[in-house]
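**Student:** One structure, as structure tokens, below. Some questions next.
The values are calculated or read from the model by the stated rules, or taken from the named source; none is laboratory data. What you see is a predicted model, and the numbers here were worked out from it, not measured in a lab. Glycine gets a Cβ as well: all are built from the backbone with ideal geometry, and neighbour counts include every protein chain shown. These accessible areas exclude ligands, DNA and RNA; they are computed on the full protein's heavy atoms, side chains included. Shrake-Rupley method; radii C 1.70, N 1.55, O 1.52, S 1.80 Å.
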Amino acid sequence: MVAVAAIGLALVATGPAVAETAADRCFEHHEFGHFPVPVAKTADGEEVLAQVEWKSNETIGCYLTLDEQAVNTLRAYAATLTSPIPSGDETSTQCFEHHEFGQQSVPVAKTADGTAVLAQVEWGWDETIGCYLTLDNQAIDSLRFAAAIPVPTFSEVSVGQTHTCGVLVNQSPACWGSNSNGQANVPEGQFITLAAGSFHTCGIRPDQTIQCWGSNSNRQANPPEGQFTALAAGRFHTCGLRANQAIACWGDDGFSQSNAPEGQYTAVTAGSFHTCGLRTDQEILCWGYNGNGESNPPNGSFTVIDAQGSRSCGLRTDQTIHCWGWNSSKRANATTGPFIGVATGSDHSCGLRTDQTVHCWGSDSEGQASPPQGQFIALSAGTLNTCGISPDFTLQCWGENNSEQIRHSDDRFQAVSAGRWHTCGVLVSHHIKCWGLNANEQAETAPWFFNSAPTGGGHSCGLTPNRRIECWGHSINGAAEAPDGRFMDVATGYVHSCGVRTNQTVECWGNNDYGQSSAPENRFQFIAAGSSHSCGVRDHDFIVCWGDNSRGQTDAPDGKFTAVTAGDSHSCGLQDDRAIVCWGNNEHGQSTVPQGRFSAVSAGASHTCGLRTNDTIVCWGDNSYGQADAPQGRFTDLSAGMWHSCGVGVDRAIFCWGSMSSLLIPTE
């Protein structure tokens, strides 16, 4: 039992019973549940995930129900849950005799249509606290699974032309959307602010120095030395506010947009070919192209300025917004306030009201001026899209998404698996997306939730939150016919699959021509399936392999390992000192490991990739299709397939390289 709520047998009401509420009426009879009772907690016991409380009606009397948030979570996972079987034992009988409730497991959550039970509670017993209620294990697993989903939290966001960047609260950078010039390839390290331009990005490090990446056609990505406190990125130029409050600009200066006037400033912003600065006396000064009046700011005192394209907007000290410059679609016409912030896009503007709601005006051709409901603390507007940070520091974006510059919860990945001719990725929502060759429906998007979804030759398998294995695709020799039961790991080979049961035994199914499906009788932690062989890490951290050994791929070395991977005819393991060791076929150098410390390894057909402890990827071996040319950037997961490789970036986007037949990432 994992989450307990003390309901001792000697517990009695100590105060007068007031019969106005169901809790009072039911407590008086059953002597427990005067207040909501926790029935599920996180594994460390620190956080309550679900609780039950009394309800009552005239027909059935008192009944227990799960809290609304937990019910909604379980309904979201309904496709992965099986209806729990009511049970009873000596403990149930003992507690029932005292409380006259729960002789068998009691349903507390159902599907929205009421046809299926999603969760039930049952009695447990502890000598110290007596009777307690706990949720069934399947429901607890699902609630813990949902609670573990990472939701990125941002301290700021910057929207460029077709890409977006944000700084997470831990100062990690993240960029997504168009990467045509490397503008979304964030470097390693921390940043305190980022500025997304048209085709480049710049950021300020914690030491207040600037680093830029992406297009450098006009030297807009070559920042000067020195310390800076703010940044603005235009189309082909960039400007920064120095620590001494002077503005420095670099890059294209065809309209003198990089020729900043002297003086002291508190803010700077850059449009396509003009720049504006907010002076310390709260007046605005603009310079550069002025064909639409974008460099003719109004008189008055301002606290915020923002520019995009050929126009600018400013927030006055009286909390009204004034815009100037190009005014097609009335996008420079500000609505009345009061406002506390402003964001200027190319065809629209948005203001942050004093109640933290957002109001937008101007062109709404892509929904960029139709903000969601709710409160926000920061805004940034791009060409045809807008992003805002909520008070809980989560990010919401709206508008055009042609380059996937809008980031939703269902397009962030936590894991990826590259098969022979197809690829599957597990989203942070635990849905999956698959793409590539789909001749046997192995790239179909399965309707279940998964925490892993390994891909094989013509089939895929996944491990669900309730630890069942689901497979789909080509089932030659039964490779996609997963056995029943609960598992803790699953791996797919060319035409066979293997899983580690919760009792740590291994079961394999599918083709067994080389003995690859004849697992030894040992206790295992992890499993890997290659083309015609399999390997596993035993409970004592030693590796055992079985199946085809024509190239020595099952001759695992001695030593302790934390992970294992199997390719076509070679295998690799990650040692506890973070070094990688490979054995078997080395015809293409796939078993010749570079030096360094690694956190993960994946063996492809004739190449291998490793994730270094600094979150960068290095690949070695066959590179006939570019599958060993790993991109720059930081990653959290990787997978090597037959002729391609993929990785999950720190921004939760998937990058693939190598054979194009399996690379196209779905946009829906």
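**Student:** Take the solvent-accessible surface of the protein heavy atoms, probe 1.4 Å, and return the percent of it on the chain that carbon and sulfur atoms account for.
**Tutor:** Exposed carbon and sulfur together represent 45 percent of the surface.
**Student:** Along the positive direction of the dipole of segment 71-148 (beta-carbon charges: Lys, Arg +1; Asp, Glu -1; about the Cα centre), which of S105, P84, L133 reaches farthest?
**Tutor:** Highest projection toward the positive end goes to P84.
**Student:** Turning to a different aspect of this structure: Between helix 137-147 and the chain, what is the angle of the helix's C-alpha long axis to the longest principal axis, kept within 0 to 90° and rounded to the nearest 10?
**Tutor:** That works out to roughly 10 degrees.
**Student:** When the dipole is taken about the Cα centre of the chain, and only Lys, Arg (+1) and Asp, Glu (-1) are charged at their Cβ, what size is it in debye, to the nearest 20?
**Tutor:** The calculated dipole for the chain is roughly 1900 debye.
**Student:** Quick one: what Rg and Dmax do you get for segment 530-668 from the alpha carbons, in Å?
**Tutor:** Taking only Cα atoms of segment 530-668, I get Rg and Dmax of 14.4, 46 Å.
**Student:** Using r as the Cβ-Cβ distance of Q103 and E481, and R0 as 41 Å, what FRET efficiency do you calculate, to the nearest 0.05?
**Tutor:** 0.60
**Student:** If packing is taken as the average number of other Cβ atoms within 10 Å across a peptide's residues, how do 626-635, 371-380 rank, most packed first?
**Tutor:** 626-635, 371-380
**Student:** Note the angle between two axes, namely the Cα long axis of helix 90-99 and the longest principal axis of the Cα atoms of the chain, as a number of degrees from 0 to 90, rounded to the nearest 10.
**Tutor:** It works out to around 70 degrees.
**Student:** Now, a different point. Using 1/(1 + (r/R0)^6) with R0 = 41 angstrom and r between the beta carbons of I340 and T59, what's the FRET efficiency to the nearest 0.05? Could the numbers behind the result be given before it?
**Tutor:** Values: r = 53 Å, r/R0 = 1.30.
E(calc), rounded to 0.05, equals 0.15.
**Student:** Then there is this: Of (i) 50, 39, 20; (ii) 48, 32, 26; (iii) 55, 41, 19, which one was derived for semi-axes √(5λ) of the Cα gyration tensor in Å from the structure shown?
**Tutor:** It is the one labelled (i).
**Student:** Also: Assuming 0.36 nm per residue, please report the length gained on full extension of the stretch E127 to D392 beyond their Cα-Cα distance.
**Tutor:** Separation in residues times 0.36 nm, less the Cα-Cα distance, equals 91.2 nm.
**Student:** Which whole-number percent gives the relative contact order of segment 540-603, counting Cα pairs below 8 Å spaced six or more residues apart?
**Tutor:** 28
**Student:** In Å and whole numbers, how far do the C-alpha atoms of segment 440-569 stretch along each principal axis, longest first?
**Tutor:** 41, 29, 19
**Student:** Using 7 Å Cα-to-Cβ label points, what is the D318/A579 separation (nm, one decimal)?
**Tutor:** Here the modelled spin labels are 7.4 nm apart.
**Student:** Quote the charge dipole size of segment 56-173 about the Cα centre in Debye, to the nearest 20; the model charges only the Cβ of Lys and Arg (+1) and of Asp and Glu (-1).
**Tutor:** Using Cβ point charges on Lys, Arg, Asp and Glu, segment 56-173 gives about 660 debye.
**Student:** Grab the Cα-Cα distance for E521 and E46, subtract it from 0.36 nm times how many residues apart they are, and report the gain in nm with one decimal. Can you show the working numbers first?
**Tutor:** Working: separation 475, 0.36 × 475 = 171.00 nm, distance 3.72 nm.
Fully extending the segment from E521 to E46 adds 167.3 nm.
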